[in-house]
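A.B. asks: Provided herewith is a single structure, encoded as structure tokens, for subsequent inquiry.
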Amino acid sequence: MTQNADAWHTEVNVPLRAVVGNRELALDVVPETLRPGALDAPVRWAHVSELQDPAPYLLGGELILTAGVDLPGRIDRYVRGLRDAGVTALGFGLTPSVHETLPEPLRRACARHGLPLLVVPTRTPFLAVNRAVSVALTEAGQREQRRITAARETLTRAAGGGLGELTSSLAAVLRSWVALVGAGDVLASAHDAPAPLPPEVRELMATVRAGSGIRSATTELDGGFVVVQPVYPQATASHLVVVGRSHRLDGADRAILAVGAALLGLVGRAGSDAAELGAAATGLLLGRVSPGEAAWSLLGSEVVRLVAGAAFRRGPDEVARRPDWLRARLDTPLVEVGPGPRFTAVAGTAPAPEVLEDLRAHGWLAAAGSPVPAGR
């Protein structure tokens, strides 16, 4: 199992084929430098550089343009450095009195290291290439925004049909399988998800649950990609959304997933809290379950903590006083709000520092007690 950051995958980009296919640029691709999938590689910007070693100044995903004014003698090392820096392609501009033809050593080095090489004709200025890439990126960004807006509307409508319809809708929008996993890794809802979830996915879920703050995790699995993230990014992650498909999620996909995760959290909590509370209360009254068992069904833990909060400075506004607002932050359905205002909650885990800071920013000063067995 491998986890991947690849932050630039989440930025707007266009495939190399979109640049190569622009007839106005008249770019020639050197075929022997193309490896399988090379034309689908993302271009995030076009940059002109005549440095002998531009690699330290690159972010990855660039189309580097050079006229070879100061082409280094060790061309193999130059090309290898660009490849290792994550450059998507190298554009070589033919320029009278500098290089009227493509240098053979450069051709051979790009073929050897698998760095796509484009020949920019004399009539095409580098500025035209820069402008074409910029326009393509702008159009791609606008398409992403339209897609995100449409997906948000689709998911919002689906939320009215409950967890099952929302899960299926998210899977359709992302062209993936989706699973909503609750406390104790209990499957709350799923669409086309493998059952049971593979051990690698459960390991990834444990990693996310052990973290804090805004987080998600990605792994490669059986030639595809799996993403795990909490429904409430800054909560203690009792509910996780797991998404899997054959190709990596891009920036628009992640924005859509964030919307879907939030809606799954809201819809799931609205339906499950009442059912779980009712079942736990009934079991306790009839003596069929112990306090520890009731705590596990509600909180995913037989050890509980008391969390208390009081007004801080100006105090919470009307929204932050609502029990549902506090439930989402504290990741527990067991919240009581009283005069003062004050609140008391019973949670399975202590709020993370960033959650306490978020409460403070919204007018609550909160603290958590030591863990004790439920029912003591």
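A.B. asks: Considering every residue within the stretch 250-264, establish whether at least one is assigned by TED's automatic domain parsing to the domain that holds Ser176, outside any helix (DSSP H, G or I), within 32 Å of the chain's Cα centre (by Cα) and at pLDDT 85 or above. Don't jump to the end; show me each part of the working.
C.D. replies: Filtering the stretch 250-264 for residues assigned by TED's automatic domain parsing to the domain that holds Ser176 gives 250-264.
Narrowing the set further to residues that are outside any helix (DSSP H, G or I) leaves 250.
This time we only want the ones that are within 32 Å of the chain's Cα centre (by Cα), so: 250.
With at pLDDT 85 or above added as a condition, the list becomes 250.
Yes, that holds for at least one residue.
A.B. asks: Mind listing just one residue for me: the one in the stretch 204-214 that is out of contact with any strand residue (DSSP E or B) (no Cβ under 7 Å at 6 or more places or on another chain) and either modelled with pLDDT of 90 or more or closer than 13 Å to Val181 by Cα (or both) and, of those, surrounded by the most Cβ atoms within 10 Å (Cβ to Cβ)?
C.D. replies: Top of the filtered list is Arg209.
A.B. asks: Of the numbered conditions (1) surrounded by fewer than 14 Cβ atoms within 10 Å (Cβ to Cβ); (2) assigned to a loop (DSSP other than H, G, I, E, B), Glu336 fails exactly one; give the number of that condition.
C.D. replies: That leaves (2) as the condition not met.
A.B. asks: In a strand (DSSP E or B), within 23 Å of the chain's Cα centre (by Cα), within 30 Å of Asn13 (Cα to Cα) and of a type in the set (A, V, I, L, M): which single residue out of Val201, Val208, Val226, Val119 fits that description? Give the steps one after another, and end with the answer.
C.D. replies: Values: Val201 fails: in a strand (DSSP E or B); Val208 fails: in a strand (DSSP E or B); Val119 fails: within 23 Å of the chain's Cα centre (by Cα).
The conditions single out Val226.
A.B. asks: In the stretch 18-40, what residues are in contact with a Gly (Cβ under 8 Å, 6 or more places away or on another chain) and either of a type in the set (Asp, Glu) or more than 22 Å from Arg77 (Cβ to Cβ) (or both)? Before you say what the answer is, go through the steps one by one.
C.D. replies: Here is the first cut: in the stretch 18-40, the ones in contact with a Gly (Cβ under 8 Å, 6 or more places away or on another chain) are 27, 33, 35, 38.
Leu27, the sole residue that qualifies.
A.B. asks: Which is at positive phi and modelled with pLDDT under 95, of Asp6, Asp40, Asp76?
C.D. replies: Asp6
A.B. asks: Only one of these is more than 22 Å from Ala151 (Cβ to Cβ), among the hydrophobic types (A, V, I, L, M, F, W, C) and at pLDDT 90 or above: Leu197, Leu187, Leu174. Name it.
C.D. replies: Details: Leu187 fails: at pLDDT 90 or above; Leu174 fails: more than 22 Å from Ala151 (Cβ to Cβ).
Of the residues listed, the single one that is more than 22 Å from Ala151 (Cβ to Cβ), among the hydrophobic types (A, V, I, L, M, F, W, C) and at pLDDT 90 or above is Leu197.
The values are calculated or read from the model by the stated rules, or taken from the named source; none is laboratory data. Note that the coordinates shown come from a computational prediction; the quantities given were computed from them, not determined experimentally. FYI the Cβ positions are ideal-geometry reconstructions off the backbone, even for glycines, and counts take in every protein chain you see.
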